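Working notes, beginning with the structure itself.
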Amino acid sequence: MKKHTLLLGILISLFFACSSDDEDSTPNNNPVGTYTLTSAKTAVPIDSNANGTFDDTELMNNVDCIPKIILKADNTFVIDDFSIYQSASWGNGNVSIDPVICEQYSTFNGSYSITDGSLIFTTGQESIIYTISENKITRTGQESYFTSSTASNPSTISVTYTYTK
């Protein structure tokens, strides 16, 4: 019995010795830093490189821009304004799809706040809500892309943008 009591005492001591009362080190407690766009995933496959196969869900595979979000200690931000899109041309009843491209524009800034995992960017009267978790910032939006070679118009599909610190 003494052996079991001693073993139980050691296990309890190890549990408390290994637990930590330190603050969580996720960006929700310290979000300050630079986040780079590392993924732009579509909900359904598209032909992002215009090779005739609709098998790609990662738009970043075929673009060369690297937009960033910078969160500053004074609760202000700087975001690179950009657009990832796919052009097409119509002629003789056919649609010709171009490869997906990315264009970076200017930057915009404002203030930010974090509430329950939501990262809220405010610029003047407008607010944009992202999600922040661990070292990632994400946002899902609706975008227009061609999802098949027989489509005469683009489809509206979900795209999830992920920035990594």
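Details
- Each part gets one Cα centre, and for segment 136-162 versus segment 56-135 those centres are 13 Å apart.
- Over all projection directions, the Cα-based convex hull of segment 24-164 averages an area of 9.4 nm².
- Formal net charge of residues neighbouring residue 130 (Cβ-Cβ distance under 12 Å; K, R +1; D, E -1): +2
- Each 10 Å bin from zero up to the one holding the largest Cα-Cα distance in segment 126-165 carries the following percent of pairs: 26, 36, 25, 13, 0.
- Rg/Rh for segment 87-165 (Cα atoms only, Rh after Kirkwood) is 1.11.
Each value in this text was obtained by applying a stated rule to the coordinates, not by laboratory testing. Predicted model only: the values in this text are computed from it and were never measured. Glycine also receives a Cβ, built like all others from the backbone with ideal geometry; neighbour counts cover every protein chain displayed.
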